[in-house]
Amino acid sequence: MFINKFDFIKNKSGFRVTLTLAAIFFILMLVFALHRFYTFYASYDQGLFDQIFWNTIHGHLFQSSLSSGQSSAFTKDGQPQTVFYSHLGQHFVIDFLLWIPIYALFPTGATLVVLQVALITAAGLVLYSLARHYLPPSIAVLIVGSFYGANAVIGPTFANFYEHCQIPLFVFSLLLALEKRKWGLFWLFTILTLGIREDTGIILFGIGLYLVFIRRFITLGVALCLLSFGYVTLVTNTIMPLFSNDNSRLYVSDFFSQFVPGNKNPSTLQLLWGILTKPQELLKSLFVPFDRRAKYLLGQWLPLAFIPAISPVAWIVTGPPLLELLIQQRIVALSMSIRYALTIVPGLLYGTILWWSQHQKRFKPQFRRWWIRCIALSMIFAITSSPNRAFYFLIPDSIHPWVYIPLTRQWEHVGHIRSLMNFIPADASVSATTDLLPHLATRRGIIRLPALQLRMDSKEVVDVDYAFADLWIIQQYQPAFKGERQQLRDFLIFIDQLLTQNRYGLIDVQDGVVLLQKKVASQPQAMAQWLKLREELKQQM
């Protein structure tokens with residue numbers, strides 16, 4: 001109804017091409033994203049959000065023991081993880097309630113994979129209507145092609161499910177409502193954008209700045225800036241601390257520590273003051289290391305033929321969210337395949353649309369061919385980087401030493417994992433390695449190995465019922481990656497200790513996958529298989 005009301009189909013030919021692009025994007029992304037999920041390449045956050053949705057439909061709103069595993073109480077204070085921990089203390093993700101009815105119909109992690117791909121695909125359709133408000137079909141279609149072909153869109157869509165997948169759809173819809181002067185819908189999507197996460201108000205702040213600077217809707221721009229600033233301040237300093245102090249202890253203090261040195265529990269207002277009063281630190285954070293920042297911006301601009309680099313609107317709208325990324329202490333903040341890249345995508349596209357609205361005479365066949373080559377190159381970069389290991393079976397993770405897992409071998413391994421998973425009751429508590437978590441998350445108690453203790457609803461701290469470790473996948477990557485090599489050593493010691501202490505017993509060992517159960521005697525055949533596997537792994541390290 002929203003799309004039809006805004007004359008979405010202004011040109012049937014352009015719209016048909018857009019639908020074709022959307023269908024191709026949806027089918028290809030969904031096939032490879034589901035394949036990644038079902039071959040156990042999804043990881044921690046996929047399981048975390050699956051458990052949040054599962055708990056919510058069972059009356060435990062936004063609770064997750066996996067989210068508790070990332071809390072400051074666990075990571076910094078050493079307290080046991082809890083099944084009743086509220087994720088809202090880390091991120092205020094109230095828009096998830098929109099998708100609860102869908103998840104309730106299909107309560108599985110694969111539903112979230114489909115949802116993420118569908119939201120990104122739908123955003124491209126709204127983008128076409130936004131572009132057509134200013135541009136002819138020929139340019140509007142290339143704008144959509146740039147979106148679907150952007151590394152910053154393909155990579156995060158292949159990633160674990162995350163709240164950021166809602167950003168393009170809601171922000172494009174907000175901008176479309178703005179252009180059509182549909183103020184009711186404008187404020188609806190403003191509220192929905194704020195509800196994505198506690199810090200998405202920064203995106204709205206950039207839009208507000210644009211409205212003020214161009215003197216288009218000054219009052220609206222000021223209102224949007226005040227609303228976004230007030231919302232972020234209220235939620236992070238008043239509402240989220242009601243659940244926990246993790247947002248300040250985990251994110252503000254760690255990711256922006258250069259602006260709040262020595263403060264272990266800073267507020268967002270203290271962070272803002274630190275940014276304003278430390279200009280030298282701000283400049284350093286913005287430009288150092290310069291090569292990494294330049295590479296990131298070039299990657300973002302590439303599918304749009306670098307037009308955002310010369311678009312004042314693109315710089316204004318993306319300024320606030322880009323600033324948030326640049327000043328973070330984390331390298332992953334500037335990764336093209338991580339969810340954060342989506343935060344500046346709408347601003348770049350909107351700035352490009354407005355630039356072309358004033359320079360349509362420059363859209364000549366030569367430039368069109370150049371633009372298509374840029375989109376193709378962006379797609380090549382996205383595919384060859386195997387974002388989030390979505391193409392692990394096509395592209396080796398390492399050449400020297402050789403690390404590559406054939407498709408048939410991985411699916412053979414999946415069969416062994418599934419066989420062992422059948423031993424675990426649906427209501428049992430589990431601790432598992434990262435790759436196994438998304439497929440076991442629809443339960444009240446689940447944590448990541450090597451943690452074993454969990455505080456249940458009764459407030460009693462207990463050992464989980466089962467420990468489940470996939471050592472084979474770690475074995476495949478350990479020749480080239482030090483982290484996996486150390487992790488494999490640690491797990492061998494850890495499992496030996498559990499068996500020596502008679503804390504857990506071996507149920508079965510298949511293809512490097514180990515299943516243990518609390519307070520049972522080890523099966524003789526499983527013990528023999530474990531001893532054989534342990535020697536094999538030790539020889540390889």
(request) Could you tell me whether Asp50 is among the acidic types (Asp, Glu), buried (at least 17 other Cβ atoms within 10 Å of the Cβ) and assigned by TED's automatic domain parsing to the domain that holds Gly351? (result) no
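Taking only the stretch 61-113 into account, find how many residues are outside any loop (DSSP other than H, G, I, E, B) and either over 17 Å from the mean Cα position of the chain (by Cα) or not β-branched (Val, Ile, Thr) (or both).
Summing the residues that are outside any loop (DSSP other than H, G, I, E, B) and either over 17 Å from the mean Cα position of the chain (by Cα) or not β-branched (Val, Ile, Thr) (or both) in the stretch 61-113 gives 28.
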(request) Name the residue, out of Gln270, Gln258, Gln280, that is over 30 Å from Ser146 (Cβ atoms), out of contact with any strand residue (DSSP E or B) (no Cβ under 9 Å at 6 or more places or on another chain) and exposed (fewer than 13 other Cβ atoms within 10 Å of the Cβ). (result) Gln280
(message) If the requirement is being loosely packed, with under 12 Cβ neighbours inside 10 Å and touching a residue at least 24 places away in the same chain (Cβ under 8 Å), which of these qualifies: Pro401, Pro387?
(response) Pro401
(message) Filter the stretch 176-210 down to the residues that are in contact (Cβ under 8 Å) with a residue 60 or more places away in the chain and in a loop (DSSP other than H, G, I, E, B) and list them by number.
(response) Lys182, Arg197, Glu198, Asp199, Thr200
(message) Given the condition touching a His at 6+ places or on another chain (Cβ under 8 Å) and under 22 Å from Leu66 (Cα atoms), answer yes or no: does some residue in the stretch 112-123 qualify?
(response) no
(message) Quick test for you: out of Leu437, Leu454, Leu492, Leu449, pick the one residue that is in contact with a Lys or Arg (Cβ under 7 Å, 6 or more places away or on another chain) and under 19 Å from Ser64 (Cβ atoms).
(response) Leu437
(request) Tell me, yes or no, whether the stretch 50-58 has at least one residue that is in contact (Cβ under 8 Å) with a residue 40 or more places away in the chain, within 26 Å of Met456 (Cβ to Cβ) and among the hydroxyl-bearing types (Ser, Thr, Tyr). (result) yes
(request) Find the residue count for the stretch 98-121, including only residues that are hydrophobic (A, V, I, L, M, F, W, C) and more than 25 Å from Ile191 (Cα to Cα). (result) 3
(request) Run Asp435 past the list (1) farther than 25 Å from Tyr85 by Cβ; (2) in a helix (DSSP H, G or I) and report the number of the one that doesn't hold. (result) (1)
(message) All but one of (1) buried (at least 18 other Cβ atoms within 10 Å of the Cβ); (2) part of a helix (DSSP H, G or I) hold for Ile447; state the number of the condition that does not hold.
(response) (2)
(message) Which of the numbered conditions does Thr343 fail, given that it passes all the others? Conditions: (1) under 30 Å from Glu179 (Cα atoms); (2) buried (at least 21 other Cβ atoms within 10 Å of the Cβ); (3) out of contact with any Asp or Glu (no Cβ under 9 Å at 6 or more places or on another chain).
(response) (3)
(message) Which of the numbered conditions does Asn422 fail, given that it passes all the others? Conditions: (1) more than 21 Å from Phe32 (Cα to Cα); (2) among the polar types (S, T, N, Q); (3) surrounded by 14 or more Cβ atoms within 10 Å (Cβ to Cβ).
(response) (3)
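The values are calculated or read from the model by the stated rules, or taken from the named source; none is laboratory data. From a predicted model like this one, the values you see are computed outputs, not experimental measurements. Note: ideal-geometry Cβ built from the backbone for every residue, glycine included; neighbour counts use all protein chains shown.
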